Amino acid sequence: MVLIYILDDEAGKETLHVRGELHKYLIKVRRHKEGDEVNFRARENIEVLYTYKIERVESRSAELSLISSKVEVIKSSKNLHVGWCMIDSNSIEKVLPSLCEIGVEKISFISCERSQKNFKLDFKRFERIMEASMQQCGRSTYIEFDTYKNIKDFIDKFPNTFVFDFCDNVLQNYSDIKTVLIGCEGGFSSKERDVLAQIKRFRLDTPMVLRSESAVLAVSGKILL
């Protein structure tokens, strides 16, 4: 694992004292030494990138001094809002780092008729997973999360949504897509299809049936990359 920057709530101070696991990572794993430069960000002011120089290395600690700071926002040049019908949270957690790296801006989790009902979304845990991904890929913005109780409420709020679905329309141009709806395992119910009847639908150019988490990765990648 290589970190582009390190999240530390002390970042921004003139001097940082590094101990514990971070000391082990910097000195033992990455083999940084005195004179090396390391980038940091602070959660409360994450758009600012701080560069520190390692001044002194000891067996269990290291002292770093601030040498520069600048506003440097790293995010996708495109905006994508994913409406994702709820699936098992373990499956969400597995693909969340990739969605962070791809550049998804927002995910709305939607309770659908065929969604699994026996789990709760832990946004705090999602945030920790995201932070690990952000430090590795360099991204400096968090994915925004919210929830909707059904597809109708989501479509009423975002009527220009595109729906990924089984259909004949293999979309060639993704530039107009700002919001996309991805179904859960088993697809949409007949009642939900009535709600989506007037919404633009598309599929990817593959004969295979994609799992929900595969679909959200593939579609997001097509639109953003």
Go through the residues of the range 181-202 one by one and say whether even a single one is modelled with pLDDT under 90 and either buried (at least 17 other Cβ atoms within 10 Å of the Cβ) or within 15 Å of GLY83 (Cβ to Cβ) (or both).
yes
Check the range 133-149 and report whether any residue there is closer than 25 Å to LYS75 by Cα, surrounded by 14 or more Cβ atoms within 10 Å (Cβ to Cβ) and touching a Pro at 6+ places or on another chain (Cβ under 6 Å).
yes
Quick one: would you say ARG43 is under 30 Å from VAL216 (Cα atoms) and assigned by TED's automatic domain parsing to the domain that holds GLU14?
yes
Qualifying residues in the range 12-31 (those that are in a loop (DSSP other than H, G, I, E, B) and touching a residue at least 40 places away in the same chain (Cβ under 8 Å)) - the one farthest from MET1 (Cα to Cα)
GLU14
Quick one: which strands (runs of 3 or more DSSP E) lie wholly within the range 32-104 and hold at least 1 residues that are without any contact (Cβ under 8 Å) to a residue 60 or more places away in the chain and not polar (S, T, N, Q)?
37-41, 48-57, 61-71
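Out of everything in the range 127-173 that is of a type in the set (D, E, K, R) and out of contact with any strand residue (DSSP E or B) (no Cβ under 9 Å at 6 or more places or on another chain), what residue ends up being farthest from PHE188 (Cα to Cα)?
Per the stated criteria, the residue is ARG139.
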Considering only the range 94-115, how many residues are loosely packed, with under 15 Cβ neighbours inside 10 Å and within 17 Å of the chain's Cα centre (by Cα)?
1
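The values are calculated or read from the model by the stated rules, or taken from the named source; none is laboratory data. These numbers come from a predicted model, not from an experiment. No Cβ is skipped: glycine too gets one built from the backbone with ideal geometry, and neighbour counts run over all protein chains shown.
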